[in-house]
1. Among the residues of segment 103-131, write down those that are surrounded by 13 or more Cβ atoms within 10 Å (Cβ to Cβ), part of a helix (DSSP H, G or I) and free of Cβ contacts under 8 Å to residues at least 40 places away in the same chain.
2. Is it fair to say Val23 is within 16 Å of His172 (Cα to Cα), touching a residue at least 12 places away in the same chain (Cβ under 8 Å) and either open to solvent by less than 70 Å² (accessible area, probe 1.4 Å) or part of a helix (DSSP H, G or I) (or both)?
3. Could you list, in sequence order, all residues of segment 188-206 that are buried (at least 21 other Cβ atoms within 10 Å of the Cβ), touching a Gly at 6+ places or on another chain (Cβ under 6 Å) and in a helix (DSSP H, G or I)?
4. Taking only pairs six or more apart or across chains, which ones have beta-carbon atoms under 7 Å, a first residue in segment 58-82 that is free of Cβ contacts under 8 Å to residues at least 40 places away in the same chain and within 19 Å of Phe206 (Cβ to Cβ), and a second residue that is assigned to a loop (DSSP other than H, G, I, E, B) and open to solvent by less than 40 Å² (accessible area, probe 1.4 Å)?
5. Among the numbered conditions (1) within 23 Å of Tyr99 (Cα to Cα); (2) in contact (Cβ under 8 Å) with a residue 60 or more places away in the chain; (3) not in a loop (DSSP other than H, G, I, E, B), tell me where Ala41 comes up short.
6. Among Leu145, Leu159, Leu170, Leu216, which is crowded, with 20+ Cβ neighbours inside 10 Å and at negative phi?
7. Looking at this structure, is Lys2 basic (Lys, Arg) and touching a residue at least 12 places away in the same chain (Cβ under 8 Å)?
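The values are calculated or read from the model by the stated rules, or taken from the named source; none is laboratory data. Because the structure is predicted, anything quoted here is derived from the model rather than measured. Glycine gets a Cβ as well: all are built from the backbone with ideal geometry, and neighbour counts include every protein chain shown. Ligands, DNA and RNA are stripped out before the accessible areas are found, and what is left, the full protein with its side chains, is counted by its heavy atoms. Shrake-Rupley method; radii C 1.70, N 1.55, O 1.52, S 1.80 Å.
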Amino acid sequence: MKKYGAEFFGTFWLVLGGCGSAVLAAAFPQLGIGFLGVSLAFGLTVLTMAFAIGHISGCHLNPAVSIGLWAGGRFPAKDLAPYIVSQVLGGIAAGGVLYLIASGKAGFDVAGGFASNGFSEHSPGGYNMVAALVTEVVMTMMFLLVILGSTDKRAPQGLAPIAIGLCLTLIHLISIPVTNTSVNPARSTGVAVFVGDWAVSQLWLFWLAPIAGAVLGALVYRLIGSEEN
């Protein structure tokens, strides 16, 4: 249960920190942090939690990462379901806290997106479904490559959280204009349930694409990263 609790609170922090920065601070008058700040916020949530709970649960914070680690032979199948449930619940709890905070300002309306992921008319840059699908698959694939490589026993020890946090920052710098960046079904679900409507109807892509990308990343790392006999 300690592992599942760690995943709950870790994912809570990721969604509250990342989506919170997007909802509350990205466009703040004159001093808004913009895409760069939101990208850094997501990276910092993973970096800080990796040091805080990595030794407890592995700090997955993401159903796609858990599935990718399983596909890469680093995680037991028996723990997949409880990890994913804990991550999704943590994401929804964070979405609830963020909603309570954001709704404290006059004029707040979730119709503005509430940091939800989307494509076509709901993509920040107007990118279509195919572009969104390719982006989420490729970004999550590269994320898993970095996770598996930096946590390999042959890699420099103790530096994985930095590499993983910076990788997530880079992913957001690339893909916020396309999908508002998911690469994490729990992050997408955590805010989509409060928006409803289009955010829920498009949620399938932000489960399917990150999971497919994570499995691809695991398979690629097994191919290029396996130790020679």
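1. Gly112, Ser120
2. It is true that Val23 is within 16 Å of His172 (Cα to Cα), touching a residue at least 12 places away in the same chain (Cβ under 8 Å) and either open to solvent by less than 70 Å² (accessible area, probe 1.4 Å) or part of a helix (DSSP H, G or I) (or both).
3. Thr189, Gly190, Val191, listed by residue number.
4. Final answer for the pair search is Ser66/His60; Ser66/Phe75.
5. Only one criterion is unmet by Ala41, namely (2).
6. Details: Leu159 fails: crowded, with 20+ Cβ neighbours inside 10 Å; Leu170 fails: crowded, with 20+ Cβ neighbours inside 10 Å; Leu216 fails: crowded, with 20+ Cβ neighbours inside 10 Å.
Selected residue: Leu145, the only one of Leu145, Leu159, Leu170, Leu216 that is crowded, with 20+ Cβ neighbours inside 10 Å and at negative phi.
7. Numbers: basic (Lys, Arg): yes; touching a residue at least 12 places away in the same chain (Cβ under 8 Å): yes.
Yes: the conditions hold for Lys2.
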